[in-house]
Amino acid sequence: MPTALEPIELPDWAWEKAEVRQALRARDVGAVFRHVQQYAGASQSRIAVATGMTQARVSEILHGRREVARFDVIERIADGLRMPDDARHLMGLAASREKRSGGAAFDLAAFPEVVRVYASQDSAADEIQQLARSAKELDVLAVRGLGLIGLNDSLLRACLPREQGGGGLRVRVLLLDPEAPALARRAAEIGESAESLAGGVRLAEARLRELADTCDIQAYRYAMLPTWRIIRTDSTMFVSAFDAGWEGHESATYKIMKTPHGPLHRGFRRMFEAITDGAQRTV
């Protein structure tokens with residue numbers, strides 16, 4: 001009989017399969033568990049023992065009735081499945097415990113800014129909208145921004161004030177310059193024409209101008225290849241990544257809270273301000 005938290009070993013090649021890496025990148029723990037069943041022959045009870053869960057909880061995750069969002073639980077799952085470091089990194093985790101200096105275990109309490117990890121923007125949508133409705137400052141770093149704030153059914157548009165004055169809300173939106181070489185590169189990464197992507201940016205700018213009477217709206221064009229997608233509502237940020245093959249809303253989304261000494265919120269805020277300083281204002 002396996003003992004509590006006895007790890008499961010998958011062959012190295014299993015972690016390299018495209019479908020496994022996609023599940024890791026999306027933090028789809030149910031899919032990861034299914035791959036563990038397939039490639040390690042592990043039962044639900046075996047997975048439960050390895051990851052410190054009950055079999056009932058594993059069953060709920062496998063059948064899509066429960067998501068795993070807590071960072072410490074994801075860390076425990078990674079340890080129980082003996083994930084190699086590249087697999088851990090795909091899930092947003094640090095390197096394995098054995099390779100950290102002094103062998104000290106990763107402690108989430110040392111990183112209190114990251115309070116939740118969502119599988120995608122859709123999973124965080126309700127919370128983002130709730131915070132946006134009461135925010136005094138709203139910052140957005142995107143590529144074209146249509147799905148975030150440009151269209152009527154976008155994530156943030158309905159959360160913005162509709163009456164003149166807007167309660168003092170300030171909105172800043174950074175969009176990728178349609179004329180920048182980085183736009184053509186980004187378009188190729190997501191399988192879209194540069195003309196289509198550039199047209200989307202210009203449409204978003206036009207729609208943002210429509211908000212000028214209801215709030216303090218500012219839009220800027222930046223020229224660098226986008227790496228991070230940021231939504232900041234006052235002291236809370238939702239951060240996801242751009243990469244080849246997927247768009248920002250498809251990436252895992254980190255909820256980051258401002259704390260007195262934490263570097264993440266301050267670092268992303270500093271990056272946003274630096275990009276703004278070097279960008280061209282269009283609205």
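The values are calculated or read from the model by the stated rules, or taken from the named source; none is laboratory data. A quick note: this is a predicted structure, and the numbers were derived from the prediction, not measured. Glycine gets a Cβ as well: all are built from the backbone with ideal geometry, and neighbour counts include every protein chain shown. Each accessible area value is taken on the protein alone, full model and side chains, heavy atoms only, with ligands, DNA and RNA left out. Shrake-Rupley method; radii C 1.70, N 1.55, O 1.52, S 1.80 Å.
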Rounded to the nearest 10 degrees, the helix 29-40 long axis (Cα) sits at an angle to the longest Cα principal axis of the chain of 40 degrees
Starting from the Cα coordinates of region 189-283, work out the convex hull volume and express it per residue in Å³.
118 Å³
Amide H within-cut-off set for residue 229, under 5 Å, with H built and near neighbours excluded
240, 241, 242
From phi via Karplus (6.51, -1.76, 1.60), per-residue ³J(HN,Hα) for region 61-66 in Hz, x at Gly/Pro:
5, 4, 9, x, 8, 8
May I ask for the angle, rounded to the nearest 10°, between helix 121-134 and the longest principal axis of the chain, with both axes built from Cα atoms and the value confined to 0 to 90°?
40 degrees
Between region 181-209 and region 121-168, what's the alpha-carbon centroid distance in Å?
20 Å
Per the helix-only model, the chain has a calculated mean residue ellipticity at 222 nm (DSSP H runs of ≥4, -39500 (n - 2.57) each, divided over all residues, rounded to the nearest 500) of -11500 deg cm²/dmol
With contacts defined as alpha carbon pairs under 8 Å and 6 or more residues apart, what's the relative contact order of region 1-94 in percent?
38 percent
May I ask you to list the trypsin sites (Lys or Arg not before Pro) in region 9-89 that are in a DSSP loop and have at most 16 other Cβ atoms within 10 Å of their Cβ?
17, 65, 66, 70, 82
Please report the relative contact order for the chain, taking Cα pairs under 8 Å with a sequence separation of at least 6, and give it as a percent rounded to a whole number.
18 percent
Using θ = phi - 60° and the Karplus form 6.51 cos²θ - 1.76 cosθ + 1.60, what ³J(HN,Hα) does each residue of region 82-88 get, whole Hz, x for Gly and Pro?
6, 5, x, 4, 5, 5, 4
Could you list log10 I(q)/I(0) for the chain at q = 0.07, 0.13 Å⁻¹, which the Debye formula gives when each Cα is one point scatterer?
-0.31, -0.93
Quick one: length gained pulling residue 153 to residue 60 fully straight, 0.36 nm per residue minus the C-alpha distance?
30.3 nm
Report, by chain and number, residues whose modeled amide H sits under 5 Å from the one on residue 91, excluding near sequence neighbours (fewer than 5 apart, same chain).
none
Once the dipole of the chain is set up from charges on Cβ (+1 Lys and Arg, -1 Asp and Glu), the residue from the list 180, 52, 63 lying farthest towards its positive end is 52
Antiparallel DSSP beta bridges within the chain, percent to nearest 5
65 percent
Can you pull out the trypsin sites (Lys or Arg not before Pro) in region 137-227 that DSSP calls coil and that have at most 11 other Cβ atoms within 10 Å?
162
Calculate, for the chain, the solvent-accessible area per residue in square angstrom, rolling a 1.4 angstrom probe over the heavy atoms of the protein chains.
48 Å²
What is the set of long-range amide H partners of residue 116 at a cut-off below 5 Å, with H atoms built 1.01 Å from backbone N?
255
For the Cα atoms of the chain, what angle does the longest principal axis make with the long axis of helix 194-209, in degrees from 0 to 90, nearest 10?
60 degrees
